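The values are calculated or read from the model by the stated rules, or taken from the named source; none is laboratory data. Quick caveat: nothing in here was measured; it's all calculated off a predicted structure. Note: ideal-geometry Cβ built from the backbone for every residue, glycine included; neighbour counts use all protein chains shown.
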Amino acid sequence: MAAEKGAERAPHAPVTYGLLGRTLKQSWSPQIHEGLGTTPYELIELEPDELAAFVREGSWKGLNCTIPYKRDLIPLVDELRPTAARIGAVNTLLHDERGRIIGDNTDMFGFAWTLKRFCERHLGGLGAIQGAKALVLGSGGASRAIVCALEDVGAVPVVISRHGDETYEGVATRHADAALIVNTTPVGMYPNCPASPLDDDTLAHITGLRGVIDVVYNPEHTGIMLAAERMGVPSESGLVMLVGQAWLSSSMWQGRELDEGLIGSINERLMRSSRNVALIGMPGSGKTSAGRNLAELCGRTFVDMDVNFSERFGRTPAEVIETDGEQAFRAMETQALSEVARGSGLVISCGGGVVTRPENRDLLRQNSTVVMVDRKLDQLSSKGRPISKSRGIEALAAERMPLYRAWADEVVACTGSARGDAQEIMRRLSL
């Protein structure tokens, strides 16, 4: 696909700012640079044999670069700045006033900014990791920048990779004292989520662990972050690192230092807009009506999981339950949810029994704010709901209400109208 796109566009068409890479469909960089003032900002997908001509002969002003070209840019620049030379990779290019191509790297700044904020929020400051072991998972382009940033604050980074001196086999035995884990691999990145480079058992045996940072930013909570959450260990996604490195790139291109507060504000805005809102609650609580109104008010796509299920499998949930049983339905429901919940910016109305399978919690939490729609039991109807009919609303409530409350980030009592419920959810979540 990238080759076809490269053939269709003029290979040296003038651009102002942009991102070079091979596959860029999921990049959030244009939204970030819009907030920084470096526009127009294009996504430029190139094949390896197109890279040199584009960089050397293009009339661009500033470019970012991502996988797989960060090292390939080094011989193409006229000047390699010290940070890029130290890291051995270039992620930022600019034309200086003489037209020379300058190669730099802003990933190190982006991670250093993330690390400082993370330590101040969760560990009492950067002093908490001075002299402490930090496991850096992966040895790609981002890994070296992160190793340098960790060294600069006095941490002791250890790179774990599939083929290096330190491999994943027995990592918990060798490094049970590690205080920090930083994932620089793409494991767990959309759409292959929520996968994790380390399983729960391995993490549990790293008894010194105090924090996890993942450079992946989509989904917001990756598999390794969710595992850390289950252990009560704080974690951070890579979105703020992405914004931080873009902030420094944009400052270079504009020739002035931008307001550093933009890093936090753009990060928060993107997280708020990309998070799904997942509605849970008892059957008949009004999730669907509230969700449809919420999606309309926020300009989001609405997904009713019962409708999605019927379209996906060609049978309604009620038909599957009546013919194949509840357990067969639950397995199919999880399959459908695993596809839907990895999306971004959706309003999702979940089935009432979604909380009966623990694995569904991670599927929702990876990219959603979970809201319980709380309606009084005497206002619920069992009409058209086979499980409510067969087991009774009171019995279902006894089983599920504690789970709804445990899973929910917010509990919203029904206001008396679907519109009112939607407006209250908007107010609570600042949508």
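Only one entry of Cys119, Cys193 meets the criterion of being buried (at least 19 other Cβ atoms within 10 Å of the Cβ), outside the structural domain of Glu359 (by TED's automatic domain parsing) and part of a helix (DSSP H, G or I), and that entry is Cys119.
For the range 136-180, the set of residues classified as over 20 Å from Thr202 (Cα atoms) and assigned to a helix (DSSP H, G or I) consists of Gly141, Ala142, Ser143, Arg144, Ala145, Ile146, Val147, Cys148, Ala149, Leu150, Glu151, Asp152, listed by residue number.
Evaluate the range 232-248: report whether one residue or more is farther than 17 Å from Arg117 by Cβ, surrounded by 18 or more Cβ atoms within 10 Å (Cβ to Cβ) and touching a residue at least 40 places away in the same chain (Cβ under 8 Å). No, because not a single residue in the range 232-248 is farther than 17 Å from Arg117 by Cβ, surrounded by 18 or more Cβ atoms within 10 Å (Cβ to Cβ) and touching a residue at least 40 places away in the same chain (Cβ under 8 Å). For Met241, the conditions (1) assigned to a loop (DSSP other than H, G, I, E, B); (2) within 13 Å of the chain's Cα centre (by Cα) are fulfilled apart from (1).
Take the residues in the range 312-342 that are in a helix (DSSP H, G or I) and in contact with a strand residue (DSSP E or B) (Cβ under 9 Å, 6 or more places away or on another chain), then tell me which one is surrounded by the most Cβ atoms within 10 Å (Cβ to Cβ). If you could, list the steps in order and put the result at the bottom.
Our first condition is that a residue be in a helix (DSSP H, G or I); within the range 312-342, this holds for 312-313, 317-324, 326-340.
If we keep only those that are in contact with a strand residue (DSSP E or B) (Cβ under 9 Å, 6 or more places away or on another chain) as well, we get 337, 340.
On the way: Leu337: 24, Val340: 20.
For the range 312-342, the residue satisfying everything is Leu337.
Scanning the range 218-257 for residues being under 11 Å from Leu36 (Cβ atoms) and of a type in the set (Val, Ile, Thr) gives a total of 1. Only one of the numbered conditions (1) in contact with an Asp or Glu (Cβ under 7 Å, 6 or more places away or on another chain); (2) free of Cβ contacts under 8 Å to residues at least 60 places away in the same chain; (3) surrounded by 13 or more Cβ atoms within 10 Å (Cβ to Cβ); (4) over 19 Å from Ser237 (Cβ atoms) is not met by Lys133, and that is (2).
Exactly one residue out of Glu268, Glu311, Glu319 is of a type in the set (D, E, K, R), out of contact with any helix residue (DSSP H, G or I) (no Cβ under 6 Å at 6 or more places or on another chain) and closer than 26 Å to Thr222 by Cα: that is Glu268. Each residue in the range 346-361 was checked for being at pLDDT below 95 and within 16 Å of the chain's Cα centre (by Cα), and 0 of them qualify.
Within the range 394-404, is there a residue that is at pLDDT 95 or above and under 30 Å from Asn192 (Cα atoms)? Yes: one or more hits. Of the residues Arg419, Arg391, the single one that is at pLDDT 95 or above and surrounded by fewer than 17 Cβ atoms within 10 Å (Cβ to Cβ) is Arg419.
Can you tell me which residue is nearest to Gly138 (Cα to Cα) among those in the range 196-216 that are part of a loop (DSSP other than H, G, I, E, B) and more than 22 Å from the chain's Cα centre (by Cα)? Within the range 196-216, the match that is nearest to Gly138 (Cα to Cα) is Ile206.
For the range 46-70, filtered to residues that are among the hydrophobic types (A, V, I, L, M, F, W, C) and without any contact (Cβ under 8 Å) to a residue 40 or more places away in the chain, the residue that is farthest from Ala142 (Cα to Cα) is Ala52. Against the test of being in a loop (DSSP other than H, G, I, E, B) and touching a Phe, Trp or Tyr at 6+ places or on another chain (Cβ under 9 Å), the options Leu270, Leu258, Leu294, Leu262 yield a single qualifying residue, Leu258.
Scanning the range 304-311 for any residue that is of a type outside the set (Asp, Glu), over 17 Å from Leu279 (Cβ atoms) and surrounded by fewer than 18 Cβ atoms within 10 Å (Cβ to Cβ) turns up at least one such residue.
Within the range 166-179, residues that are assigned by TED's automatic domain parsing to the domain that holds Ala132 have Cβ atoms under 9 Å from residues that are loosely packed, with under 14 Cβ neighbours inside 10 Å and basic (Lys, Arg) in these pairs: Tyr168/Arg162, counting only partners at least 6 apart in sequence or on another chain.
Listed here are the residues, each with its yes/no results for (1) touching a His at 6+ places or on another chain (Cβ under 8 Å); (2) not in a helix (DSSP H, G or I).
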| site | (1), (2) |
| --- | --- |
| Ile44 | no, yes |
| Asp49 | no, no |
| Ala53 | yes, no |
| Asn64 | no, yes |
| Ile67 | no, yes |
| Arg86 | no, no |
| Glu97 | no, yes |
| Gly103 | no, yes |
| Met108 | no, no |
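Of the candidates Thr66, Thr83, the single residue that is modelled with pLDDT of 95 or more, assigned by TED's automatic domain parsing to the domain that holds Asp49 and of a type in the set (Val, Ile, Thr) is Thr83. Residues that are modelled with pLDDT under 95 and assigned by TED's automatic domain parsing to the domain that holds Gly170 within the range 87-116 are absent altogether.
Scanning the range 159-190 for residues that are β-branched (Val, Ile, Thr) and either surrounded by 17 or more Cβ atoms within 10 Å (Cβ to Cβ) or closer than 26 Å to Trp28 by Cβ (or both) returns Val159, Ile160, Val171, Ile181, Val182, Thr184, Thr185, Val187.
Those residues that are among the hydrophobic types (A, V, I, L, M, F, W, C) and within 20 Å of Arg162 (Cβ to Cβ), I need them from the range 214-233; list them, please. So that I can check it myself, show each step before the final result.
First, pick out the residues of the range 214-233 that are among the hydrophobic types (A, V, I, L, M, F, W, C): 215-216, 224-228, 231, 233.
Once the filter is applied, which keeps residues that are among the hydrophobic types (A, V, I, L, M, F, W, C) and within 20 Å of Arg162 (Cβ to Cβ), the range 214-233 yields Val215, Val216, Ile224, Ala227.
What residue, among those in the range 362-385 that are assigned to a helix (DSSP H, G or I) and at pLDDT below 90, is nearest to Met282 (Cα to Cα)? Let's see the steps before the verdict.
Pass one, the range 362-385, residues assigned to a helix (DSSP H, G or I): 362-365, 377-379.
Right, trim to at pLDDT below 90 and you get 377-379.
Working: Leu377: 9, Asp378: 12, Gln379: 11 Å.
Filtering first and then ranking leaves Leu377.
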